[in-house]
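First up is the structure itself, then whatever we jot down about it.
The values are calculated or read from the model by the stated rules, or taken from the named source; none is laboratory data. Since we're looking at a predicted model, the values are computed, not measured. Don't worry about glycine lacking a Cβ; one is built from the backbone with ideal geometry, like all the others, and counts go over all protein chains shown.
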Amino acid sequence: MRWSWQVARVAGIPVRVHATFALFIAWIFVASLTGGQGLGRAAQGAGTILAIFGCVVLHELGHALTARRYGVKTRDITLLPIGGVARLERIPEKPSQEIAIALAGPAVNVIIALILLPIVLPMFTLAQAAGATSELLDWFPARLLFVNVMLVAFNLIPAFPMDGGRVLRAALASRLEYVRATKIAAAVGQAIALLFGFAGFRFGEPMLLFIALFVFIGATQEAAAVQMRAGFAGVPVSRAMIRDFRTLRPEDPLSRAVDLLLQGHQQDFPVVGVRPGDPPLGILTRSDLLTALAEGRTDRPVGDATRRNCGTAHPRDLLEDVARGMEENGCPAVPVVGDDGTVVGMVTLENVGELVMVRAALDRGRARDPGASPR
């Protein structure tokens, strides 16, 4: 995720902090200071937020470690002001596995709450006897207990991107086709988001409006992502690769890449080996080219700016596997290498998206006219 930095690695999983989260902590601290609460109170408020997000990290680790049990790796965990995101490499194969992974996160918060309960409950009894129950929430363990209970309740709402939405989708997928199940679960999530939005307007609560926007966007993105994956399931790379393309050599100057960029529609260029038949060295992407040019030199060799972690594809590879690898490596394109070792095409994320749109349009046309023959 852009604008995030790795701060730790837990169980082999990178833990990242998004820039907005750091700004959020700073805002809590400054707001407490300017509110006249003093330096100690401000530090306590920021520390409480950090402890809460520690619980969020444990929540996401619950997802990640359960997913690992089913052979699904986690790319990273990113902390945001709205919570955490554990990015899994793929969706589990069975609906029962997705349910287990989705419920593992709230289960961690339940365990934390059960650990805190014997500590807080006696204090609650004493505070109730003294008529000071409202002051109990100022006590750190009580606040942490309350937050974990709220995390469980919030995440079990049956709406993407919360865990409850994934449980709903998995339950539907046990009886329906996966894309259909996702569409229904996403529609439920969007409806719940609209209810949150209405409540936010009705009661003047900006946080409810923020949650409504977050839930609505999350549900929409999940439905679109699953629709895209289904759009190229079982499709070979040869169906989507670009055959009209230009290549560069590692010794070419960057000015050569600029000329090719300005001459045509191609934005990313395979960098081929020095000798014919050598495997490609990688891809010179448009963004990497512009970054290199920003240093003020156009005579640098292309090889210096070539991205070498994108790998290659074969025309018979499945497009879904290649697209997943491109997403994992952050590569907008990969060269396609034939049986003789030469570059015979390119796959770009833009072309993959266009293929999905074409196939979706053809499916809509066949649904309106079942007798039409596919082209």
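In table form, for the structure just shown:
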| read-out | value |
| --- | --- |
| Residue list for region 189-234, restricted to those being in contact with a helix residue (DSSP H, G or I) (Cβ under 7 Å, 6 or more places away or on another chain), closer than 18 Å to residue 91 by Cβ and among the hydrophobic types (A, V, I, L, M, F, W, C) | 219, 223, 226, 228, 230, 232, 233 |
| Residues that are in contact with a Leu (Cβ under 8 Å, 6 or more places away or on another chain) and of a type in the set (D, E, K, R), drawn from region 247-299 | 256, 268, 286, 297, 299 |
| Residues satisfying the stated conditions in region 287-322, i.e. touching a residue at least 40 places away in the same chain (Cβ under 8 Å), among the charged types (D, E, K, R) and over 21 Å from residue 228 (Cα atoms) | 297, 299, 300 |
| Residues of region 62-81 satisfying the condition of being over 14 Å from the mean Cα position of the chain (by Cα) and either closer than 19 Å to residue 5 by Cβ or not assigned by TED's automatic domain parsing to the domain that holds residue 11 (or both) | 81 |
| Tally of residues being exposed (fewer than 15 other Cβ atoms within 10 Å of the Cβ) and touching a Ser or Thr at 6+ places or on another chain (Cβ under 9 Å) across region 279-289 | 1 |
| First in region 323-339 and buried (at least 16 other Cβ atoms within 10 Å of the Cβ), second anywhere and part of a helix (DSSP H, G or I) and of a type in the set (Asp, Glu), Cβ under 9 Å, 6 or more apart | 332/350; 333/350 |
| Scope region 241-260; condition within 35 Å of the chain's Cα centre (by Cα) and of a type in the set (S, T, N, Q); matching residues | 247 |
| Test result for residue 274, surrounded by fewer than 19 Cβ atoms within 10 Å (Cβ to Cβ), β-branched (Val, Ile, Thr) and at pLDDT below 80 | yes |
| Check on residue 111, of a type in the set (A, V, I, L, M), over 28 Å from residue 19 (Cα atoms) and without any contact (Cβ under 8 Å) to a residue 12 or more places away in the chain | yes |
| Residues of region 64-122 classified as of a type in the set (Lys, Arg) and on the phi > 0 side of the Ramachandran plot, total | 0 |
| Residue check for residue 317: at pLDDT 75 or above, of a type outside the set (A, V, I, L, M, F, W, C), more than 24 Å from residue 256 (Cβ to Cβ) and surrounded by 12 or more Cβ atoms within 10 Å (Cβ to Cβ) | yes |
| Hits in region 304-349 - residues which are more than 12 Å from residue 241 (Cβ to Cβ) and among the charged types (D, E, K, R) | 304, 307, 308, 320, 321, 324, 327, 328, 339, 340 |
| Of all residues making up region 218-245, the number that are of a type in the set (A, V, I, L, M, F, W, C), more than 30 Å from residue 345 (Cβ to Cβ) and either in contact with a Pro (Cβ under 7 Å, 6 or more places away or on another chain) or at pLDDT 85 or above (or both) | 0 |
| Flag if residue 134 is touching a helix residue (DSSP H, G or I) at 6+ places or on another chain (Cβ under 9 Å), surrounded by fewer than 17 Cβ atoms within 10 Å (Cβ to Cβ), among the hydroxyl-bearing types (Ser, Thr, Tyr) and modelled with pLDDT of 85 or more | no |
